[in-house]
Amino acid sequence: MGIVQRQGLRNTIISYAGLAIGFANTTLVLPRLLAPSQLGLISVLVSMATMAQLVSGLGFTNTTMRFFPYFRNREVGHSGFLPLLLGVPLAMFVVVATVLWLGRPLVLRWYAAEAPLVKPFYAVMLGMALFILIYNLLESYTKSLYHTSFSSLLTDVVQRILIVSAAGLYGAGYLSFSGFVLAYMGAYATISTLLLLYLAYIGELHLRPTRAVLRVRPVGELMRFGSFALLGNVSGVLLVTIDSLMLARYGLDKAGIYNIAFNISTALAIPFRALYKTAYPLVADY
């Protein structure tokens, strides 16, 4: 069995296991434990964090899978590609986070009556954006190394178990809603840390910067490709986030109810995502 069939099948099985957990989470557990406005607040925070990390990433997730074959050389730490992959987007994140923080009054003004609910968790949204950014960068790196199953396990199973566990603690009275939101952010932090540890375990955590990374391919070429990828990614992410962000302006409860229905429809994309994770880096290699 070829690598696409083998890893695609493995990822599909993991994804459907995650779907079962996610279905129980989004349609049975969370709606029973959280008010629609609280569900809407979570969806707004995640949508805003997703957009913030996307702009910060500068298309580097796509750039990694496209250009990593030129850098691939384990003996020399892939010419210091990982420090470049993490360094540039994290530096950009500082800029984006600063702009978002200074522009907080404008963002909150958009939500008008709902602003008092969003305002206390604005910093948490930025924390979510940071951890989502780190995870996506590390995931693109592991994909390029043909290690796709562990990241699927983290996002489709581990993260959802952590979230439903936090919801259970909230429902039992052990966590306040603020504690639940922090635990929600903690789920992103946990899977990012686990993926980092996994890279160390397989011997691919090469964090030593080197000038050799600047000589493999022109940096300008990488940045241009990343810029075009960013434009494509922004349009794609807007399609799945702008509706929640707009609905929330007229009531977080409306965004929460909509988000439940939207999550159910994601099952249709599971086979595509399972094959895409494996096929993309192979296409770049060939």
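Below are the figures for this structure:
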item	result
Residue match in region 170-189 (condition: polar (S, T, N, Q) and crowded, with 17+ Cβ neighbours inside 10 Å)	no
Residue in region 92-105 that is in contact (Cβ under 8 Å) with a residue 40 or more places away in the chain and of a type in the set (Ser, Thr, Tyr) present	no
Lone unmet requirement of (1) surrounded by fewer than 15 Cβ atoms within 10 Å (Cβ to Cβ); (2) in contact (Cβ under 8 Å) with a residue 24 or more places away in the chain; (3) polar (S, T, N, Q) for Ser152	(1)
Residues satisfying the stated conditions in region 150-182, i.e. under 16 Å from the mean Cα position of the chain (by Cα) and not acidic (Asp, Glu)	Phe150, Ser151, Ser152, Leu153, Leu154, Thr155, Val157, Val158, Gln159, Arg160, Leu162, Ile163
Residue under evaluation Ala52, criteria (1) within 30 Å of Pro218 (Cα to Cα); (2) at pLDDT below 85, criterion not met	(2)
For Gly59: the one exception among (1) crowded, with 20+ Cβ neighbours inside 10 Å; (2) on the phi < 0 side of the Ramachandran plot	(2)
Condition met for Ala284 (surrounded by 14 or more Cβ atoms within 10 Å (Cβ to Cβ), modelled with pLDDT of 75 or more and in a helix (DSSP H, G or I))	no
Residues within region 225-246 that are over 20 Å from the mean Cα position of the chain (by Cα) and modelled with pLDDT of 80 or more, tallied	1
Every residue from region 197-211 that is surrounded by 11 or more Cβ atoms within 10 Å (Cβ to Cβ) and either in a loop (DSSP other than H, G, I, E, B) or in contact (Cβ under 8 Å) with a residue 60 or more places away in the chain (or both)	Leu199, Ile202, Glu204, Leu205, His206, Leu207, Pro209, Thr210
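To keep it simple, each residue is scored yes or no on (1) surrounded by fewer than 17 Cβ atoms within 10 Å (Cβ to Cβ); (2) within 17 Å of Thr64 (Cβ to Cβ); (3) modelled with pLDDT of 70 or more.
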| residue | (1), (2), (3) |
| --- | --- |
| Val213 | no, yes, yes |
| Val219 | yes, yes, yes |
| Met223 | yes, yes, yes |
| Ala248 | no, no, no |
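The values are calculated or read from the model by the stated rules, or taken from the named source; none is laboratory data. It should be emphasised that the depicted structure is a prediction, and the values quoted were computed from it without experimental measurement. Neighbour counts run over all protein chains shown; Cβ positions are idealised from the backbone, glycine included.
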